[in-house]
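First comes the structure, then the notes that go with it.
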Amino acid sequence: MQSSLAIHSIGNIHKSPTTPFRNNRFGCNSYPLQLTTLPLVPHHRFGCNASCSSSISPIWTVTNYQRRRTRTRTRTEATPSPLNDSATPPNSNGSSGGFASAAELVSAAFPLWVTLGCLVALFRPSSFSWLTPRLQVPGITITMLGMGMTLTLDDLRGAFAMPKELISGFVLQYSVMPLSGAIVSRLLRLPSHYAAGLILVACCPGGTASNIVTYLARGNVALSVLMTAASTISAVVMTPFLTSKLAGQFVAVDAAGLFISTVQVVLAPVLFGAFLNQYFHSVVKVVSPIMPPIAVSVVAILCGSAIAQNASGILQSGGQVVLACFALHASGFFLGYVLSRMLGIDVSSSRTISIEVGMQNSVLGVVLATQHFSNPLTAVPCAVSSVCHSIFGSVLAGIWRNMPPNQQED
């Protein structure tokens, strides 16, 4: 009886619309199986010889077909991405696993830390008086070094191969946001220093926190890492060029100085981090768990410092800068997703592109604004931007995490 139930249940899995076989040797109805692509090999589990392969061999075929698919899925799910090992939460086995889990938890709460840092800076500016501009460059350098440690030199070379998703994301990164920054500045009639700061942060590359948000939103983490790497390396040229073209009408822009600073705080540490990961992976494996919490702390402190230096000006602006930053990032998230879908990119990768376009490296904008613009208020939109895109990214991650993209069967 168990045999007949097994045949009947398996037959129903792949039954065809044709009439079922009746009164077979097991006394039950079974449907013909559509297995034209699979070999029919005799099975002797029920004591049959080769002559009964027409009724028994489909069981062998379906069972092994399901086993092969199960093994394939298991290997796929168990294999971590070679591009971003930190994207998969570590197992909590032992003290090292517990520490890594705690570090992951701290990193995932980065919007909270950035928001708290900016609020403290806004109402107690003296809390950040110890942070001088000379300390900002080492801070952003450490952040970029941590991102570089998630890559290898092979990953960086692969970024320039640029498949469809990577090319689309790169173009949207350096078109949607810069143009949105210029349009929002004009529509809201921002003062020149705020307009320059908004355009500057709009021309910055994707933020390192976007990798965390992409993971939480069930996006394509490998694509996120490659997009961040590609836009970050390209920022050496793109950020100074676009800023000078779009913000030059508001204030004088030191394009050469921006280029040199971007090389120092972006390109050099990213390449060095990738070099360490390629040739000293054992060392990086020990250090890498503490890098995300350090990066989150640095971002919160640097953004808080920019707010603290201009707290009175921000309060007097009446929320104009906050509105401008929200409008900028809302357009980035929205257009990044919609345009990606219009280009025929799948849902998971479209989510990734949306996050990469909408989330900027605001702390880089803070450092560049502080170093190369005479008016300290220029750094304010960059700092406010960090809070805005963190809130947007967190909300989207929460929504998309509960809406898994449809996984098509092979």
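Any read-out appearing in this document is the output of simple, stated calculations on the displayed coordinates, not a laboratory observation. Since we're looking at a predicted model, the values are computed, not measured. As a convention, Cβ positions derive from the backbone with ideal geometry for all residues, glycine included, and neighbour counts pool all protein chains shown.
Computed quantities for the displayed model
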| quantity | calculated |
| --- | --- |
| Cα Rg, Dmax, the range 312-405, angstrom units | 15.3, 47 |
| Residues of the range 222-244 with amide N under 17 Å of a point placed 7 Å along Cα→Cβ from residue 346 | 222-227 |
| Label-point gap, in nm, between residue 399 and residue 102 - each point 7 angstrom along Cα→Cβ | 3.5 nm |
| Given charges at beta-carbon only (K, R positive; D, E negative), |dipole| of the range 86-401 in Debye | 340 debye |
| Total formal charge among the other residues, if their Cβ is under 15 angstrom from that of residue 343, Lys/Arg +1 and Asp/Glu -1 | 0 |
| Built amide H within the under 5 Å cut-off of residue 360, gap 5+ | 207 |
| Gained length - residue 171 relative to residue 280, 0.36 nm times residue gap less alpha-carbon distance | 35.9 nm |
| Under the Karplus curve 6.51 cos²θ - 1.76 cosθ + 1.60, θ = phi - 60°, whole-Hz ³J(HN,Hα) for the range 328-338, x wherever Gly or Pro sits | 4, 6, 4, 5, x, 4, 5, 5, x, 6, 4 |
| P(r) histogram, all alpha-carbon pairs of the range 86-401 included - 20 Å bins from 0, percent | 36, 59, 5 |
| Relative contact order (%) - criterion: Cα under 8 Å, at least six apart; region: the range 86-401 | 33 percent |
